[in-house]
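Before any comments, here is the structure.
The values are calculated or read from the model by the stated rules, or taken from the named source; none is laboratory data. Not measured: the values here are computed from a predicted model. Cβ: placed from backbone, ideal geometry, glycine included. Neighbour counts: every protein chain shown.
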Amino acid sequence: MKHLTSLLDLSADDLLAVLDLAADLKRRFRQGDRPQLHPGRVLVQLFEKPSLRTRNSFEAAMIHLGGSGVFLSTAEAGLNGRESLSDIARVITSFADLITMRTFSQKLIEDFAAVAGCPVINGLSDERHPCQALTDLLTIRELRGNLADQHLVFVGDGNNVSMSLAIAAAMTGMQMTLAAPVGFEFSEEFQSLLVQRFPAHRVALSNDPHAAVNDATLVYTDVWASMGQEGDADRRMKAFADFQVNEQLMTAAPRDALFMHDLPAKRGLEVTDAVMDSPASVVFQQAENRMHLARGLFAWLLRSGSA
């Protein structure tokens, strides 16, 4: 039985199979064909963090596949310590065909998956955001084709989104650069993990965003302070002040470079309105693709006999 606690749970072939299935289902969706591939299947969502795109895209995906969804908050699921995590996992997964989790702790998801009776999918944690990275790969392939021909420059924090994109880049041969202020690069632990798992691939690091985007095909950013980092927001605003994706920065990139953001965006901070609403911006295509990627991922897990 497969889980998706991190992209590292997938092989490169698995990753491409999910993307291919998601792309095919999206093509059929656009033609008015919405096959009920998995009627009667149940998705249970366990969320510690609030969500717009993740919750709704996952639930819509399961409904489009013919199934249904159940949503449980922290208190409803018992993730607040009301009972042991092992007991919760064994009970809830006996009712479900798939579990999605959106939590602060990556370890919580991994511990849950270790005793779960059905596949567990990481909808976001403090260390990983695999479904977002898969969505981004789906979007890039639609717009640009071969992933190995791309250079993605992430301007911002070495956070869960950029770490998952770095893993995705290593798995697909896509060039990636992280342009971050000093002290906000990838942790040494994560860099060691990348080297260990992908010795032939290197993610470049830069402290100069204008130099970093010089040959970018994709310029990506994210909020400077994620959920749970609100107390550090002022320090982060000062540190990232020169890392805003604005018209000047996009001018330093090739004219055909696309702008990406996983949303929600803090307009006027990490990105300006002019960039968000420009012809180069593909952020809303990314957002739509969250649902199509989820359909492909769910169908792949259920079709493969993993559930």
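Here are the numbers:
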read-out: Which numbered condition Gln285 misses (of (1) buried (at least 19 other Cβ atoms within 10 Å of the Cβ); (2) touching a residue at least 40 places away in the same chain (Cβ under 8 Å)); value: (1)
read-out: Filter pass, Ala179 being in contact with a Phe, Trp or Tyr (Cβ under 9 Å, 6 or more places away or on another chain), at pLDDT 95 or above and more than 22 Å from Trp224 (Cβ to Cβ); value: no
read-out: Inter-residue pairs, beta-carbon under 9 Å, first part of a helix (DSSP H, G or I) and in region 179-200, second surrounded by fewer than 17 Cβ atoms within 10 Å (Cβ to Cβ) and of a type in the set (D, E, K, R), 6+ apart; value: Leu194/Arg202; Val195/Arg202
read-out: Qualifying residue in region 244-265 (condition: exposed (fewer than 15 other Cβ atoms within 10 Å of the Cβ), under 17 Å from Asn160 (Cα atoms), under 18 Å from the mean Cα position of the chain (by Cα) and not assigned by TED's automatic domain parsing to the domain that holds Arg55); value: yes
read-out: Within region 18-76, tally of residues that are among the hydroxyl-bearing types (Ser, Thr, Tyr) and either modelled with pLDDT of 95 or more or over 26 Å from Asp262 (Cα atoms) (or both); value: 2
read-out: Strands (runs of 3 or more DSSP E) (entirely within region 95-166) containing at least 1 residues that are within 22 Å of Leu194 (Cβ to Cβ), modelled with pLDDT of 95 or more and outside the structural domain of Glu189 (by TED's automatic domain parsing); value: 120-124
read-out: Candidate set: region 88-124, residues that are in contact with a Phe, Trp or Tyr (Cβ under 7 Å, 6 or more places away or on another chain) and among the small types (Gly, Ala, Ser); chosen: the one nearest to Ser164 (Cα to Cα); value: Gly123
read-out: Count of region 95-108 residues which are closer than 21 Å to Asn159 by Cα and out of contact with any Lys or Arg (no Cβ under 8 Å at 6 or more places or on another chain); value: 5
